[in-house]
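Some notes on the structure that comes next.
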Amino acid sequence: MFFVKAAFWIVLIILLLPSNGQEKFELYVAAERTISDIGGFCKRNPDVCEKTSAMAAGVVQKLRTTAEMIEEALRDAGIGAPREQTGEQPVSRERHGQLDDDPNMTASSSMSGDTLTSEDLRSSWHGPGRI
């Protein structure tokens with residue numbers, strides 16, 4: 001199936017490539033007009049550009065916040081370099097109803113989701129015929 005898809009796209013690209021000088025010229029002129037039209041879009045539709053840039057700023061802020069959360073989680077797990085002190089106070093969060101400074105809670109167990117104790121892991125039930 002991969003080869004059929006690859007062949008389709010290769011044939012499509014070959015068909016779209018210009019074969020002589022006239023076709024190349026027409027392709028370049030069309031591309032130039034398209035680029036100049038895109039460049040003038042914000043002049044014709046300033047409200048759309050303002051809303052789009054506001055939305056893009058929101059998306060960038062969400063991405064930045066997500067990256068900071070991932071970085072903090074990795075740092076809490078002991079992965080990665082410690083962050084330089086900027087004078088900000090760390091925020092204490094609850095994890096599974098326990099505070100971060102709980103002595104029974106290690107970074108590896110809190111990040112891996114492994115909350116079973118050795119007693120939990122010990123098997124107490126046996127199937128039929130086993131003692």
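The values are calculated or read from the model by the stated rules, or taken from the named source; none is laboratory data. All values reported here derive from a predicted model rather than from experimental measurement. Every residue, glycine among them, receives a Cβ derived from its backbone with ideal geometry; neighbour counts consider all protein chains shown. All accessible areas refer to the heavy atoms of the entire protein, side chains included, with ligands and DNA or RNA removed. Shrake-Rupley method; radii C 1.70, N 1.55, O 1.52, S 1.80 Å.
Within region 35-52, does at least one residue satisfy the condition of being exposed (fewer than 11 other Cβ atoms within 10 Å of the Cβ), of a type in the set (Val, Ile, Thr), modelled with pLDDT of 90 or more and assigned to a helix (DSSP H, G or I)?
no
Please work out which one of (1) at pLDDT 80 or above; (2) among the charged types (D, E, K, R); (3) touching a helix residue (DSSP H, G or I) at 6+ places or on another chain (Cβ under 6 Å) is the condition Arg95 fails and give its number.
(1)
Would you pick out the residues in region 1-30 that are in a helix (DSSP H, G or I), surrounded by 10 or more Cβ atoms within 10 Å (Cβ to Cβ) and more than 32 Å from the chain's Cα centre (by Cα)?
Those that are in a helix (DSSP H, G or I), surrounded by 10 or more Cβ atoms within 10 Å (Cβ to Cβ) and more than 32 Å from the chain's Cα centre (by Cα): Val11, Glu23, Lys24, Phe25, Glu26, Leu27, Tyr28, Val29, Ala30.
Is it the case, given these coordinates, that Glu84 is modelled with pLDDT under 90 and either aliphatic (A, V, I, L, M) or in a helix (DSSP H, G or I) (or both)?
Spelling it out, it is not the case that Glu84 is modelled with pLDDT under 90 and either aliphatic (A, V, I, L, M) or in a helix (DSSP H, G or I) (or both).
Condition check: open to solvent by less than 70 Å² (accessible area, probe 1.4 Å) and either modelled with pLDDT of 85 or more or among the charged types (D, E, K, R) (or both). Does Ala56 satisfy that?
When the stated conditions are applied, Ala56 passes them.
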